[in-house]
Structure formats: C-alpha cells, structure tokens
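Enquirer: Here it is, the structure in full.
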Amino acid sequence: MDGEIKKCGVVAIVGRPSVGKSTFLNSVCDQKVSIVSEIPQTTRNSIRGIYNDERGQLIFIDTPGYHLSEKKFNSKLGTIARQALQDADAILYMVDSTRKMGKEEDAICEMLQPFAEKTILALNKIDREDSHAGMSSIFISGSLKGLSSSQIVRISAKEKTDMASVLEKLFSIVPCGDILYPEDCYTDQAPDFRIAEIIREQAIIRVREEIPHSLYVEIADMEWEKPGKILWVRAFLTVEAESQKPILIGKGASVIKEIRIESMKALRKIFDYRVHLDLKVKVNKKWRSRDKLLDRLIY
Ligand SMILES: Nc1nc2c(ncn2[C@@H]2O[C@H](COP(=O)(O)OP(=O)(O)OP(=O)(O)O)[C@@H](O)[C@H]2O)c(=O)[nH]1
Ligand SMILES: [Mg+2]
C-alpha cells in the first residue's frame, strides 16, 4: 500500500537435489522460472525468481541441489549454494519429507548452522503418502541447533499447499527497504538463458542415465524478425561422448525433433513472441572437468 514501509529481501533456497526447490520457485512466482525434472542436479545456476505483493518483494534464489562429492562439477555447484547463504537475508531450507534423512542432510545443517536464525525449514512433498514430515522435522531439529517450531512449515510445492505460511515467515525475517525489481517482474534471466534451459529440460526428460548430466545447451545465435514477432534461434545440444549423440538424436531424428517441438511449445507459454528453434547435437569430451567452460556455463 502507498505510504507504507515495504519489505524487501533475498531468499536463498537450498537443499539436496530433487527436494523440489525449483518446483517451489515456479509455484511461488506462478510462472516457469526454473526447470524441473526427476533427475537430481537439474538446476546448475543461481536462478532468480521474484515474488511481489502488498507486503513487498522477495527475491528467491534457486540454487543447485547440494550433495557430497569430490568431483569438480559438483563442488562448483556446492560453492554456488554456499555463496548464496552468505549473501541472503533469509534462507529457505527445503527437505524432501519422503526421503531418509542422513549424512547429506547433516552436512547441510552444519553449513546452515551460522544462519539458523534466518532459516525457514520447509518439509516438502506432504501430498505424497510416503511423506513422514514428523520424523524429518525431528531429525533436522536435532541437527540444526536453535531452529524453533515456528520456523518449520509442511508444504507441497507441487500442489501449492501452505505456500502462504512460507511467505509470511519469510516476510517476517527480511528487512524493510525499497523493492529492487519492478513489481511486474518475476525473473531477471536473459531470454537466451531461459531458452537454453527449456531445451535442456525437454532433452533431459527424454534420455537416461548419464546423458542428462553430460548435456549442456548453448545458443549459437538469435535473430529477431520484428514484423512476424518471431525469434529465430540456433542452439547446440552438447554431450560428452560420441556414443551419446545418436541417443539424443534418436531413430530417424525422432528424439531431437520431439525436443524441438516440445521446447517451442513450452517457450510459447513463456514469451509473447514465437521462438523458432534450429537444434544441432555436438560432442565436447570431458567438458565437466574444464574450468573455463564451467565458469561460462555455471555461475
Ligand atoms: N509429489 C510431489 N512431488 C514434488 C513436489 N515438489 C517437487 N516434486 C517433484 O520432485 C522432482 C524434483 O523437483 P525439482 O523442483 O526439480 O527439485 P530441485 O530441488 O529443484 O532439484 P535440483 O535442481 O536437482 O536440485 C520433480 O519430479 C518434481 O515434480 C511436491 O510437493 N510433491
Ligand atoms: Mg532445481
């Protein structure tokens, strides 16, 4: 409301892979901001989604799922999540209440310990029959000292259950201040990044095993055709081995064709112009251990 002091703050969403961080972000923004799949480590970058209402603005940062690993690629993802904790006004710690709690959850709690006061714990997936939110809550409360019951919410990010409680608790933590983004803004991602992410989402749901992790998408060029409101985009889907190429292309190019068509449909819902895609598959061996490329792709 005019004249009233607004709240504005950055909220880092953290948690293990596949707990539903990106699903939460999309539900709260009511838009597809961050891609979602059953495959762990779908999110590779810090993706911003912005929530606005009369109370003010929450700038959510969706981070890559945190998991214990020595690999360069994973440690880079972990570094992104850790940096986000330092910088955030509040932290939304998401836990999959259907999964067993253990070593990885303990490691996250240890990482969060200095920030316990600004943390809200969301026990997600309570819509599922195998959810055991009570047990998860006991485990986390034992591991993350100083977390009070008022900081814990049980939600379903998918069904949008109790999202309002999460927002209320987060607004109570973040400071007062002027909003940072225009009120009608729900993300700060550039169109080329969003297009690459949608193509990656459509690709990873159609392939198996190592290929989703071996894949990255790069936009080669984009050309704007103003009269027809069409954006012409040429993109490369790059995998790590020659043997992965035919799988992604499919028999008679059936898989890549489907990726193209479904990506174009998904993009139609995001942009108010048509995005026309031309997709090619390439190989770049061992890209996940190359620092320069990682710096460009994961930030
Ligand atoms: N039943 C149910 N499924 C959910 C819920 N939230 C997320 N999922 C599913 O869990 C899977 C993982 O969701 P994501 O949102 O991609 O998880 P994430 O935490 O962002 O995963 P990473 O990006 O890999 O770290 C998807 O198949 C979602 O549909 C929920 O509240 N209920
Ligand atoms: Mg994600």
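The values are calculated or read from the model by the stated rules, or taken from the named source; none is laboratory data. Only a predicted model underlies this, so the values are computations on that prediction, with no experimental measurement involved. Glycine also receives a Cβ, built like all others from the backbone with ideal geometry; neighbour counts cover every protein chain displayed. We work out accessible area using only protein heavy atoms, side chains counted, and drop any ligands, DNA or RNA first. Shrake-Rupley method; radii C 1.70, N 1.55, O 1.52, S 1.80 Å.
Enquirer: Condition test on D184, is it modelled with pLDDT of 95 or more and either charged (D, E, K, R) or open to solvent by 20 Å² or more (accessible area, probe 1.4 Å) (or both)?
Expert: Criteria not met by D184.
Enquirer: Output the residue which, of all residues in the stretch 38-50 that are open to solvent by less than 40 Å² (accessible area, probe 1.4 Å) and closer than 27 Å to C185 by Cβ, is nearest to ligand 2 (Cβ to nearest atom).
Expert: The extreme case among them is T43.
Enquirer: Quick one: in the stretch 18-31, which of the residues that are more than 10 Å from the chain's Cα centre (by Cα) and open to solvent by 10 Å² or more (accessible area, probe 1.4 Å) is farthest from ligand 2 (Cβ to nearest atom)?
Expert: D30
Enquirer: Here's a follow-up. From the list K125, K158, which one is in contact (Cβ under 8 Å) with a residue 60 or more places away in the chain and touching a helix residue (DSSP H, G or I) at 6+ places or on another chain (Cβ under 7 Å)?
Expert: K158
Enquirer: For the stretch 130-165, which positions are within 14 Å of ligand 1 (Cβ to nearest atom), closer than 17 Å to T119 by Cα and of a type in the set (V, I, T)?
Expert: Those that are within 14 Å of ligand 1 (Cβ to nearest atom), closer than 17 Å to T119 by Cα and of a type in the set (V, I, T): V153, I155.
The rows are residues; the columns are (1) open to solvent by less than 30 Å² (accessible area, probe 1.4 Å); (2) under 30 Å from S263 (Cα atoms); (3) aromatic (F, W, Y).
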residue	(1), (2), (3)
S150	no, no, no
V166	yes, no, no
D178	no, no, no
P191	no, yes, no
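Enquirer: Wholly within the stretch 11-118, which strands (runs of 3 or more DSSP E) include no fewer than the required count, namely at least 3 residues that are within 13 Å of ligand 1 (Cβ to nearest atom)?
Expert: 56-62, 90-96
Enquirer: Among the residues of the stretch 57-83, how many are open to solvent by 10 Å² or more (accessible area, probe 1.4 Å) and modelled with pLDDT of 80 or more?
Expert: The total comes to 2.
Enquirer: Six or more apart or on different chains, Cβ atoms under 6 Å: show the pairs whose first residue is in the stretch 272-299 and over 16 Å from E218 (Cβ atoms) and whose second is open to solvent by 20 Å² or more (accessible area, probe 1.4 Å) and assigned to a helix (DSSP H, G or I).
Expert: S289/K72
Enquirer: Further, regarding this structure: For the stretch 106-114, does any single residue satisfy the condition of being in contact (Cβ under 8 Å) with a residue 24 or more places away in the chain, assigned by TED's automatic domain parsing to the domain that holds A157, open to solvent by less than 10 Å² (accessible area, probe 1.4 Å) and in contact with a helix residue (DSSP H, G or I) (Cβ under 6 Å, 6 or more places away or on another chain)?
Expert: yes
Enquirer: Something else: Would you call N124 within 9 Å of ligand 1 (Cβ to nearest atom) and either farther than 27 Å from D178 by Cα or outside the structural domain of W287 (by TED's automatic domain parsing) (or both)?
Expert: yes
Enquirer: Output the qualifying pairs, or none if there are none: Cβ atoms under 6 angstrom, residues six or more apart or on different chains, first residue in the stretch 91-103 and free of Cβ contacts under 8 Å to residues at least 40 places away in the same chain, second residue part of a loop (DSSP other than H, G, I, E, B).
Expert: That search, which allows pairs on different chains as well, returns T98/K125; T98/R128; T98/D130; T98/S131.
Enquirer: Follow-up question, since we're still on this one. Determine, yes or no, whether L123 is open to solvent by less than 60 Å² (accessible area, probe 1.4 Å) and either assigned to a helix (DSSP H, G or I) or among the polar types (S, T, N, Q) (or both).
Expert: So L123 does not fit the description; no.
Enquirer: Take R194 and decide whether it is within 23 Å of the chain's Cα centre (by Cα) and in a helix (DSSP H, G or I).
Expert: Here the answer is yes, as R194 does meet what is asked.
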